[in-house]
């Protein structure tokens with residue numbers, strides 16, 4: 001499984017990317033890649 005680690009300095013950027021990646025246009029690819037998002041706890 002692919003994981004993306006989101007540092008707290010770019011959490012806003014990751015939120016925007018997630019909206020794009022999970023949109024209708026990209027959802028199939030996103031689900032096929034089975035990517036998991038991780039982040040550092042504050």
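All of the numbers you see were taken from the coordinates with simple rules; none came from a lab. In this text the structure is predicted, and so the values were computed from the model without any measurement. Here the Cβ positions follow ideal geometry from the backbone for every residue, glycine too, while neighbour counts run over all protein chains shown.
Of note:
- Under 14 Å from the residue 7 label point (7 Å along Cα→beta-carbon), backbone N, segment 19-42: 39-41
- Footprinting exposure proxy for 17, 29 (fewest neighbouring C-beta atoms within 10 Å first): 29, 17
- Helix 11-21 and the longest principal axis of the Cα set of the chain meet at an angle near 0°.
- Least to most buried among 28, 22 (fewest other Cβ within 10 Å first): 28, 22
- Neighbour-count ranking [beta-carbon atoms within 10 angstrom, fewest first] of 35, 2, 20: 2, 20, 35
- Cα-only Debye scattering, the chain: base-10 log of I(q)/I(0) at q = 0.14, 0.31 Å⁻¹: -0.33, -1.09
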